[in-house]
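Trainee: Pasting a structure here, questions to come.
Rule-based calculations on the coordinates, nothing more; no lab input. None of the values given here were measured: they were computed from a predicted structure.
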Amino acid sequence: MVFPLRKRPVVFSIDILIRQYLYRSSCIDILLRVKENDMVEEIFSNLEKHFQPNKVTQQQVFYFSVDEVKKTVTLGPEKIEVEDGKTVEEADCVCKTSADFFLKIWQEGYRPGMADFLSGKIKSNNPIALQAFLSAFGKEG
């Protein structure tokens, strides 16, 4: 069997290849971010199960902005309340970070250092309160 030769050679433009690569990469990035955001949502929905009473001495309000996930957590000596979005005018502790970094802290036991705060990987108006938050769930550093 003989196959006819093409009259014109197939030419791949580097521009087309780059666009295809970037499209595939961005699709993969989007899927990873969706998965990470789902994992963060799951962590917040299970906070009550992991709450350890009397680890904090006074009620504090935390606002978390973790990529697309926004949560307000009211933490007291005996109770916890998790709400979607920002439900208070001013929280005692605000924490902004990426889902990837939040998961590293929560799941892998990583504790942010000064370099993480200075580089902007995590932002907070009260890093000491974040330590108390973690300890209320048995996540002492």
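Trainee: Only bridges whose two residues both fall in the range 44-135 count here: according to DSSP, what percent of them are antiparallel, nearest 5? Don't jump to the answer; show the numbers that get you there.
Mentor: On the way: 15 of 20 bridges.
So the antiparallel bridges in the range 44-135 amount to around 75 percent.
Trainee: Going down the list 70/104; 79/121; 35/104; 35/139; 55/79; 70/123, which pairs span over 20 Å between their C-alpha atoms? Write down the numbers at each step before the final one.
Mentor: On the way: 70/104 18 Å; 79/121 30 Å; 35/104 14 Å; 35/139 23 Å; 55/79 11 Å; 70/123 14 Å.
From the list (70/104; 79/121; 35/104; 35/139; 55/79; 70/123), the Cα-Cα distance tops 20 Å for 79/121; 35/139.
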